[in-house]
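One structure is given here, and the rest of the page talks about it.
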Amino acid sequence: MKKKFFITTPIYYVNSTPHIGHAATTTVADIIARYYRQKGNDVFFLTGTDEHGLKIAQAAQKAKKDPQTFCDQVSEKFKVAWKKLNISYDFFIRTTDPRHEKVVKEFLERIHQRGDIYKGKYEGLYCIECEKFLTEKELVNGHCPYHPKSKVIHQSEENYFFRLSKYAPQLISLIENPQTNYIFPEGKRKEILAKLKEGIEDVSISREKVKWGIPLPWDKKHTVYVWVDALINYYSATRFVKGKKDFWPANLHLIGKEILWFHTVIWQAMLLSAGLPLPQKIFAHSFYTIDGEKMSKSLGNVIYPEEMVEKFGADGARYLIATSFPYRDDADTGWERMKEKYNADLANNLGNLISRVAKIGERLSLTNPRGERRFWPEMEAKVENLNLPAALDWLWQTKITACNLVLNQQKPWEKPKAEARKIIAEIIVQIQNISFNLAPFLPETSKKIDHIFAPGKKLTAPQKVLFPRLK
Ligand SMILES: [Zn+2]
């Protein structure tokens, strides 16, 4: 029996098109999914789009489209972007899929029967951009901390509430126990723990005035709050996607830090209430800044994945995303820096190594040796901790740069043929294993390298360089 590994990205809200932030979460999830597949696990990699709620209804209206057509079109843009980045998801879920809607109703019915839902009146502040209620305490200069330009509205309506507060003690003890803690990295665990200990309120799970949503099974005048609907996707996919029933609970929910609370508190409490097992790990990464500034449409500095793929190729874009991935703190990036990194690491270092070794080996009429292929333990440790920048840095410093150094120092081209062949053969064994370790990150490049250095095959230098230098 293969070990199961279920990894998810957040489902992206279809009010905007994919940018480098979405691309980073999805690319990193893809790298992790490919890594576990390569280790022989049975992987289920889920991504998709979140399509209900007031903001989508408004955006559709503005675009003069009915909401479903609008969702179909934007959702497609995410699929196109992921195809360009060579994302190997197993299923793309959409919350307007009737099969998902059915599971949402069943799920809510279950926690309703459990006695965890009651009717009440909601009065308070709301950020439409986040589709989220805010407390006075959370405001920054009277605005949502994530949307300083849009207005926070006052809402007063009848809602159904979920008894979130009831689950706080249980969540605290789960998070405090290192054996059952599911929040990573450590800074995020502390943040959530402190917030939980301050005391939490119950949360509204329905909307009276929002039509674009899933009707509550016991009161059709209300629709399910878009966040509650969205969170259930992780579970619903395992109910209706063929052959995935045994994949719940998820091994890893990969998310951005802005949605930490929903995933680590509300979602967990919902699962506890429904009597379902909790995901093993929720990993929240940080944000990108672009040349020291916040990324925003109004600053005109938004980086789109399609542009990255156009400039650097799919693997180039994947490499630049993985090496700059804000896995713990915010990380800065920018076009100029990306180009320098691409040229230094891919065109000069890796690309050069491959073409030099292939050319010399061809001249020596070498047959490729049969090296062992496995993940280096140093790589495994870093990848499994999601520290992809450190994993790639290690691979480049200790393996790729090292191979180039051996070549420069031993100068096989000055040596007698037998000695030269031995030096090159040893480097090829290293390259074969570098390629194996690179495969989850740069799948196309790894395939090309494997083709050149296929064991037992007579070595022929490729006509084209792997990574053309950019001016
Ligand atoms: Zn907001």
Subject >> Cα gyration tensor shape of the stretch 147-248, rounded if a/c is under 1.5, else prolate or oblate by comparing a/b with b/c >> reply: oblate
Subject >> Residue order, fewest to most beta carbons within 10 Å, for Asp315, Asp329, Asp90 >> reply: Asp329, Asp90, Asp315
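Nearest 5 percent is fine: what portion of the DSSP beta bridges confined to the stretch 4-285 is antiparallel? Kindly include the intermediate steps, with their values, before the conclusion.
Numbers: 21 of 41 bridges.
About 50 percent, rounded to the nearest 5.
Once you've got the Cα coordinates, tell me which of Lys77/Lys341; Lys190/Lys281; Lys105/Lys242 are over 26 Å apart.
Details: Lys77/Lys341 28 Å; Lys190/Lys281 15 Å; Lys105/Lys242 20 Å.
From the list (Lys77/Lys341; Lys190/Lys281; Lys105/Lys242), the Cα-Cα distance tops 26 Å for Lys77/Lys341.
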**OP:** Pull up the DSSP beta bridges for the chain and report the antiparallel fraction as a percent, rounded to 5.
**Re:** 50 percent
**OP:** Determine which aspartates and glutamates satisfy two conditions relative to Lys132: a Cα distance under 20 Å, and not lying fewer than 8 residues away in the same chain.
**Re:** Asp50, Glu51, Glu123, Glu157, Glu158, Glu191, Glu198, Glu201, Asp202, Glu208, Asp229, Glu258
**OP:** Report the Cys residues of the chain lacking a disulfide-compatible partner, meaning no second Cys Cβ under 4.7 Å from their Cβ.
**Re:** Cys71, Cys403
Subject >> Ranked packing of 136-149, 284-297, most packed first, by mean Cβ within 10 Å >> reply: 284-297, 136-149
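If you average the sequence gap of Cα pairs under 8 Å that are 6 or more apart and divide by the length of the stretch 334-452, what percent do you get for the contact order?
Relative CO of the stretch 334-452 lands at 34 percent.
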**OP:** Compute the normalised compactness of the chain: alpha-carbon radius of gyration over 2.2 N^0.38 Å, N being the residue count.
**Re:** 1.10
Original post:
Is the stretch 334-452 rounded, prolate or oblate when judged by the Cα gyration tensor, a ≥ b ≥ c being the square roots of its eigenvalues, rounded requiring a/c under 1.5 and prolate requiring a/b larger than b/c?
Top reply: prolate
**OP:** Please go through the residue pairs Lys257/Lys297; Lys151/Lys311; Lys39/Lys359 and name each one whose alpha carbons sit more than 30 Å apart in this structure.
**Re:** Lys151/Lys311; Lys39/Lys359
**OP:** Report the extension gain between Gln179 and Asp66 in nm, rounded to one decimal, defined as 0.36 nm multiplied by the number of residues separating them, less their alpha carbon distance.
**Re:** 35.9 nm
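Sorting check: for 72-83, 46-57, 385-396, 13-24, which peptide has the highest mean count of neighbouring beta carbons within 10 Å, and how do the rest follow? Let's see the in-between values first.
On the way: 72-83: 17.2, 46-57: 24.2, 385-396: 19.4, 13-24: 21.0.
The packing order, highest mean first, is 46-57, 13-24, 385-396, 72-83.
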Subject >> Filtered GluC sites (Glu not before Pro), the stretch 314-402: DSSP coil and at most 13 other beta carbons within 10 Å >> reply: Glu372
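Let me check against my output: what whole-number percent is the relative contact order of the stretch 4-285, with C-alpha pairs under 8 Å and at least 6 apart?
Numbers: 459 pairs, mean separation 62.1, N = 282.
Relative contact order comes out at 22 percent.
Each reported figure results from applying straightforward, stated rules to the coordinates on display, with no laboratory input. Everything numeric in this text was worked out from a predicted model, so none of it was measured. Don't worry about glycine lacking a Cβ; one is built from the backbone with ideal geometry, like all the others, and counts go over all protein chains shown.
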